[in-house]
Amino acid sequence: QTGLMDCCTNCSICCCGMFCFPCLSRQMAGDTNEFCLCGTSMAMRTLYCTRYNTPGSLCSDFCVSMFCLMCSVCQIKGDINQRRELGIF
């Protein structure tokens with residue numbers, strides 16, 4: 001639904017990720033009914049991507065989670081919001 005660098009499509013998510021990253025992580029974990037500290041992990045990203053059949057691999061999930069963590073969490077949160085609007089979340 002959203003690209004890794006699509007931060008500007010939803011400025012509120014981007015700003016929340018930039019200025020209050022723990023808050024965004026907590027929101028995302030709450031949305032997915034997962035433990036808060038797992039919200040930013042590779043496992044959480046892989047779980048989400050598997051659940052919603054998004055493209056990627058374990059290797060790409062690892063790299064994105066390791067080197068672009070804020071973008072990763074913003075991307076998933078944006079995807080959650082879009083799926084909610086479409087009624088498929």
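The values are calculated or read from the model by the stated rules, or taken from the named source; none is laboratory data. All of these numbers come straight from a predicted model, not from anything done at the bench. A quick note on method: Cβ atoms are made from the backbone with ideal geometry, for glycine too, and the neighbour counts reach across all protein chains shown. Keep in mind that these areas ignore ligands, DNA and RNA; they rest on the heavy atoms of the full protein, side chains included. Shrake-Rupley method; radii C 1.70, N 1.55, O 1.52, S 1.80 Å.
Could you state the accessible area per residue of the stretch 10-86 in Å², with a 1.4 Å probe and every protein chain left in place?
Here the residues of the stretch 10-86 average 57 Å² of exposed surface.
Just Thr46, Thr54, Thr32 to compare: in a GNM of the chain, with alpha carbon springs under 10 Å, which one fluctuates most?
Maximum among the listed residues: Thr54.
Take the chain, connect every pair of alpha-carbon atoms lying under 10 Å apart with a spring to form a Gaussian network, then pick out the residue of Cys15, Cys74, Cys59 with the largest mean-square fluctuation.
Top of the fluctuation ranking is Cys59.
Quick one: pull the percent of accessible area on the stretch 38-89 belonging to carbon and sulfur, 1.4 Å probe, ligands and nucleic acids left out.
On the way: 1860 of 2840 Å².
After summing per-atom areas, the C and S share lands at 65 percent.
For the stretch 10-86, what percent of Cα pairs sit more than 14 Å apart? Numbers along the way, then the final one.
Numbers: 1659 of 2926 pairs.
For the stretch 10-86, the share of Cα pairs beyond 14 Å comes to 57 percent.
What does the charge count around Thr32 come to, taking other residues whose C-beta lies under 13 Å from its C-beta (Lys +1, Arg +1, Asp -1, Glu -1)? Spell out each step's value before the answer.
Values: positive: Arg26, Arg45, Arg51, Lys77, Arg83, Arg84; negative: Asp31, Glu34, Asp79.
Once positives and negatives cancel, what remains is +3.
I need to check one value: relative contact order of the chain, counting alpha carbon pairs closer than 8 Å and at least 6 residues apart, in percent.
Contact order relative to length: 38 percent.
What is the gain in length, in nm to one decimal, between Met70 and Phe19 on full extension, counting 0.36 nm per residue of separation less the C-alpha to C-alpha distance?
Working: separation 51, 0.36 × 51 = 18.36 nm, distance 1.05 nm.
Taking Met70 through Phe19 to full extension adds about 17.3 nm, to one decimal.
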